[in-house]
Amino acid sequence: MPQVLLHELASQARSGAHLVSFPTDTVPALGARPDRAALIFAAKQRDLAKPLILMAATIADLWTYVVGSPTERQVWQQVADRYLPGALTLVLPASDRVPPAMNPKQPTTIGVRVPNHPIAIAILTQTGPLATTSANRSGEPALQTMAEIEATFPQVFTLLPSELSALSPVNSPAIASGIPSTVIRWRGDGWDVLRQGVVDMGSGEWGVGSGE
């Protein structure tokens, strides 16, 4: 695995030619420029029917990728204000800005998330939104360490250990839960839970249903 400085990793991601991998607050991610998301599907041997997540440094970076009424956007913003940055993915109606390569079989929706992790935020600040998913072969457990990712994806770019240390606050070490994000889908009048992860949305004021 090529280990590089932060600006080099961001440049490789922006070029669209390579995959990158970086830690998040859940599990390590594989990332690519959104219009080059096919690289992720190929590397993971992932079914095209399984959508990817659009990850960014701030929720403001993601709103142009979704479409909804002013009332819906107000609801989405309230949830984002409460839970993001964090281990929650919102599946929302996709705007025409979402590249078809992101979700070839489900083009009408897009999952968006802002990770609560200083290294991920530092990378995403330089790259802009990236198509992401967990760093593992499809159907296998999520890889948890850089050594595991290096063995499985030797051509993926990641940060040098010195960069990882420099980007982690001394008094607030970055900790990953090892558990995927909770995924909720907007159904027009509330939310369905598609995957229960770290965040417990509860019910009531947020209109969360039992989901699938």
Practice item. Specify the angular offset, from 0 to 90 degrees and rounded to the nearest 10, of the alpha carbon long axis of helix 70-83 from the longest principal axis of the alpha carbons in the chain. Key: 50
Point to revise | Globularity ratio of region 3-209, using Cα Rg and 2.2 N^0.38 Å | key: 0.97
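Can you tell me how much longer the chain between Asp47 and Thr145 gets when fully stretched, taken as 0.36 nm per residue apart minus their C-alpha distance, in nm with one decimal?
Full-extension gain reported as 32.9 nm.
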Check your understanding: When the helix-only estimate is applied to the chain (DSSP H runs of n ≥ 4, each -39,500 (n - 2.57), divided by the residue count), what is the mean residue ellipticity at 222 nm, nearest 500 deg cm²/dmol?
Key -> -7000 deg cm²/dmol
Check your understanding: So what's the convex hull volume per residue for the Cα atoms of region 82-126, in Å³?
Key -> 97
Practice item. Between beta-carbons, use under 12 Å as the cut-off and find the net charge around Asn136, counting Lys and Arg +1, Asp and Glu -1. Key: +1
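In nm, what is the difference between 0.36 nm times the number of residues separating Asp96 and Arg137 and their Cα-Cα distance? Could the numbers behind the result be given before it?
Values: separation 41, 0.36 × 41 = 14.76 nm, distance 2.92 nm.
Here the answer is 11.8 nm.
Read-outs throughout are calculated quantities, based only on the coordinates presented, and are distinct from any laboratory measurement. These figures come from a predicted structure and were not determined experimentally. Glycine gets a Cβ as well: all are built from the backbone with ideal geometry, and neighbour counts include every protein chain shown.
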